[in-house]
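One structure is given below, encoded as structure tokens.
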Amino acid sequence: MSKVTVIDSIMGTGKTSWAIQYMSEAPLLEKFIYITPFLSEVERVKTSLSDMNFKEPSVKNRKGSKLEGLKQLLSKGENIVSTHALFKRCDEEVIELLQKTGYTLILDEVADVVEQFEIVEEDISILFKSQTIIEDDKKWIKWVGTGRSYNGGLKDTMEACFLNNVYHYGKKFYIWTFPIQIFNSFDNVFILTYMFEGSLQKYYFDIFSTEYTYKSVTKVGDRYELTEYKKHIDLISIAELLQIYEGKLNDCGKGEYTFSATDLKRLKNKPVLLRLVQNNMSNYFKHILNSKSNENMWTTFKDTQNSLKGKGYTKGFVPVNSRATNEFKNRTALAYIANRFTQPHIKQFFKAHDIEINEDKIALSELVQWIFRSAIREGKEINLYIPSERMRGLLKGWLS
């Protein structure tokens, strides 16, 4: 089993800076894989650690794929930096190479470790009927009908089943989980995040009984040091910078489930209500704040983004689940039109494994991460319109 350390510190405390310092001071024989959400951070690591010659997986290989490029770098024992998107595609061959060489993983922000497995219903039906796949007594799907030499259109499905990371939930839903063997194949694992308790990766580790320790990071002089974990931190300075709107524009957000993904989908069929929300945002930016377009930042769920965009703020859209990027650190006027709930089939997957997830912690964690994409990370005052009664209450509770 890997030694997993969760470095849980609020944004701006220097988690990435600590990681770069740690790698720069490591023994020559220690090899690293650094995984980050953004290509800009890939370049930052390569530039900051130029002496370590970090390599990025390339498509210039016989298969023309970055996954093959990753395998080639692993076989050579290179220091590697890449993105979450590629990390999700790791397969059994990657596991074997990791175990053979020995690497330390630094994971910048939690990974997407549980999600719906997309497969055509007719395909899965054919696989079951032909007994190419079977379901074990715990509802995990096993590929038994062919050897690993199969190279057809369902090869990705086969690989996922061989890694024991496809789970059958309900009648038609299938859940994909990140192969736990990947984490177990590293010598050490460091996860850089904040509010790990509000992440699905925490509950995923619980399912697989993965042990981990918490640490925080602090700057001491010119150095960054790991310290004992500080679960409760002083949020007075953050509360002073965050001006939360309280007024009539919040009337549209009353109710526990208002502005959830399901509720917003229903609003698409109610143009009058949709226009009201859109007008509220425009009113907030233009008249209440009188902010400029390059100061505005807003979000909603992807399905309603086009329905709620408007003049003066459209280009300031930041995805509701955005983490780690500094691209919007100049934004001071924010609007959050969302109410986060975990998808029911994901929630039921954890419940089937006797794990109860905390919806409020997950929602709050995502909201705080989103807010910290803005100028607040630079110590500047920001204004926030958050009409969802539930989400506003969670944020105010956290700040107090």
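Values quoted throughout were computed directly from the atomic coordinates according to the rules given, and no laboratory measurement underlies them. Bear in mind the structure is a predicted one, so any value in this text is a computation, not a measurement. Cβ: placed from backbone, ideal geometry, glycine included. Neighbour counts: every protein chain shown.
Mind giving me the FRET efficiency for Lys172 and Asn279? R0 is 45 Å, r the Cβ-Cβ distance, nearest 0.05 is fine. Walk me through the numbers on the way to the answer.
Numbers: r = 39 Å, r/R0 = 0.87.
After rounding, the FRET efficiency stands at 0.70.
Given the C-alpha centroids of region 262-283 and region 88-131, what is the distance between them in whole angstrom?
Centre-to-centre (Cα) distance: 38 Å.
Per residue and in Å³, how big is the convex hull formed by the alpha-carbon atoms of region 117-177? Intermediate values should be presented prior to the final figure.
Numbers: hull volume 4.9 nm³, N = 61.
Once divided by residue count, the hull of region 117-177 is 80 Å³.
GNM on the chain, C-alpha springs below 10 Å: top fluctuator among Ile337, Ile119, Ile33?
Answer for the Gaussian network model of the chain: Ile119.
Starting from the amide H of Ala335, placed 1.01 Å from N in the peptide plane, find each other amide H under 5 Å away whose residue is 5 or more places distant or on another chain.
Met297, Trp298, Thr299, Tyr385
Among Phe349, Val318, Ser307, flag the residue with its Cα farthest along the positive direction of the charge dipole of region 247-400, charges on Cβ as +1 for Lys/Arg and -1 for Asp/Glu.
So the residue furthest toward the plus end is Ser307.
Enumerate the calculated ³J(HN,Hα) couplings along region 40-46 in order (Karplus 6.51 cos²θ - 1.76 cosθ + 1.60, θ = phi - 60°), each rounded to whole Hz, writing x wherever the residue is Gly or Pro.
Going residue by residue, I get 4, 6, 4, 5, 4, 5, 4 Hz, with x marking Gly and Pro.
Set the bar at 25 Å for Cα to Cα. Now go through Lys254/Lys351; Lys63/Lys155; Lys46/Lys219; Lys270/Lys292; Lys71/Lys138 and name every pair that lies beyond it. If you can, show how the numbers build up before the last one.
Values: Lys254/Lys351 29 Å; Lys63/Lys155 15 Å; Lys46/Lys219 23 Å; Lys270/Lys292 29 Å; Lys71/Lys138 32 Å.
Pairs exceeding 25 Å: Lys254/Lys351; Lys270/Lys292; Lys71/Lys138.
Is region 2-103 rounded, prolate or oblate when judged by the Cα gyration tensor, a ≥ b ≥ c being the square roots of its eigenvalues, rounded requiring a/c under 1.5 and prolate requiring a/b larger than b/c?
Values: a/c = 1.59, a/b = 1.49, b/c = 1.07.
Prolate is the answer for region 2-103, as a/c is 1.5 or above and a/b outweighs b/c.
Between Ser307 and Gln116, what length comes free when the chain is fully extended (0.36 nm per residue of separation minus the Cα-Cα distance, one decimal in nm)? Working shown, then result.
On the way: separation 191, 0.36 × 191 = 68.76 nm, distance 2.53 nm.
Going from the current span to full extension adds 66.2 nm.
Mind listing the phi-derived Karplus ³J(HN,Hα) values for region 65-72, rounded to whole Hz, using 6.51, -1.76 and 1.60 with θ = phi - 60°, and x for any glycine or proline?
With coefficients 6.51, -1.76 and 1.60, one gets 10, 5, 5, 5, x, 4, 5, 5 Hz.
So what's region 268-318 giving for Cα Rg divided by 2.2 N^0.38 Å, two decimals?
Details: Rg = 10.7 Å, N = 51, 2.2 N^0.38 = 9.8 Å.
Normalised by 2.2 N^0.38 Å, the Cα Rg of region 268-318 equals 1.09.
What FRET efficiency comes out for the pair Tyr150/Arg62, r = Cβ-Cβ distance, R0 = 25 Å, nearest 0.05?
Values: r = 19 Å, r/R0 = 0.77.
After rounding to 0.05, the efficiency reads 0.80.
When averaged across all projection directions, what area in nm² does the alpha-carbon convex hull of region 10-70 cover?
On the way: hull surface 20.5 nm².
For the Cα atoms of region 10-70, the hull's average projected area reads 5.1 nm².
With a ≥ b ≥ c the root eigenvalues of the C-alpha gyration tensor of the chain, is it rounded (a/c under 1.5), prolate (a/b larger than b/c) or oblate?
Details: a/c = 1.89, a/b = 1.27, b/c = 1.49.
Since a/c reaches 1.5 but b/c is at least a/b, the shape of the chain is classed as oblate.
For region 247-400, rounded, prolate or oblate, judged on the Cα gyration tensor with a ≥ b ≥ c (square roots of eigenvalues), a/c < 1.5 rounded, else prolate if a/b > b/c? Can you show the working numbers first?
Details: a/c = 1.82, a/b = 1.30, b/c = 1.40.
Cα axes put region 247-400 in the oblate bin.
Could you compute the net charge surrounding Asp303? Neighbours are other residues with a C-beta less than 12 Å from the C-beta of Asp303; K and R count +1, D and E count -1. Intermediate values should be presented prior to the final figure.
Working: positive: Lys265, Arg266, Lys268, Lys302; negative: Asp263.
The answer is +3.
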